[in-house]
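Read the structure below first, then the notes.
The values are calculated or read from the model by the stated rules, or taken from the named source; none is laboratory data. Given the structure is predicted, the values throughout are model-derived calculations rather than measurements. Cβ coordinates were reconstructed from backbone atoms using ideal geometry, including for glycine residues, and neighbour counts include every protein chain displayed.
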Amino acid sequence: MNSPALETITLGGGCFWCTEAVFVCVRGVTDVESGYSNGHVAHPRYEQVCTGTTGHAEVVRLTFNPAVIGVREILEIFFATHDPTTLNRQGNDVGTQYRSGIYYERPEHQQAAEDLIREMSQDKLFGAPITTEVRPLANYWPAEDYHQDYYAHNPEQGYCAYVVGPKVEKFRKTFSYYLKP
């Protein structure tokens, strides 16, 4: 019996250090890469993206095994570990590069995202409208090497200790079933 092929989905939840640090802990996620997507500049650099002029969002591109974790569960973790109600902002990080977004390559991922957003909106889960954009993945570029596994390499750095760490801890408490062994 063949196992299902791995799938990918790209998520923008503000600073990619936070989103990456959460998803490297998720059972069934086989790779997490920080990058930039859905902008209009080829090969953008971090300094360019930070200006907000390239149109890119800071994202993580996840590769996962759908036999272990489904896209809906990945999206539930995504929504629980960032604020999808603040347009172009996550905490003190402000700008279009910090927008909440789901960038899909498969129509079934688009459908899962739209269905979940509709359900959460109907249930008024967040108390404010969800601003997460759902768009086809376009113009993706990996971030520079020093951004990859940033939290793992810099857990004591101020932003990591006070912003990233609490998000990882929230994931661990809320979604312990999905923790990698």
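Taking segment 96-115 as the range and being small (Gly, Ala, Ser) and over 14 Å from the mean Cα position of the chain (by Cα) as the test, only ALA112 passes. Give the residue that is surrounded by the most Cβ atoms within 10 Å (Cβ to Cβ), with candidates limited to residues of segment 10-65 that are of a type in the set (Asp, Glu) and free of Cβ contacts under 8 Å to residues at least 40 places away in the same chain. If we take residues in segment 10-65 being of a type in the set (Asp, Glu) and free of Cβ contacts under 8 Å to residues at least 40 places away in the same chain, then ASP31 is surrounded by the most Cβ atoms within 10 Å (Cβ to Cβ).
If you go through segment 3-26 and keep only what is of a type in the set (A, V, I, L, M) and in a loop (DSSP other than H, G, I, E, B), you end up with ALA5, LEU6, VAL24. Is it the case, given these coordinates, that GLY12 is within 13 Å of the chain's Cα centre (by Cα) and small (Gly, Ala, Ser)? Taking the combined requirement at face value, the residue satisfies it. In segment 80-107, the qualifying residues are those that are out of contact with any Leu (no Cβ under 8 Å at 6 or more places or on another chain), of a type in the set (D, E, K, R) and more than 19 Å from CYS160 (Cβ to Cβ), and the one that is surrounded by the fewest Cβ atoms within 10 Å (Cβ to Cβ) is ARG106. Limited to segment 150-172, what total is found for residues that are in contact with a helix residue (DSSP H, G or I) (Cβ under 9 Å, 6 or more places away or on another chain) and either surrounded by 15 or more Cβ atoms within 10 Å (Cβ to Cβ) or without any contact (Cβ under 8 Å) to a residue 12 or more places away in the chain (or both)? Going through segment 150-172 one residue at a time, the tally reaches 14. Only one entry of ARG106, ARG135, ARG99, ARG118 meets the criterion of being of a type in the set (Lys, Arg), under 21 Å from TRP17 (Cα atoms) and out of contact with any Lys or Arg (no Cβ under 6 Å at 6 or more places or on another chain), and that entry is ARG99. Can you confirm whether TYR146 is surrounded by fewer than 19 Cβ atoms within 10 Å (Cβ to Cβ), at pLDDT 95 or above, assigned to a helix (DSSP H, G or I) and over 15 Å from the mean Cα position of the chain (by Cα)? Answer is yes for this residue.
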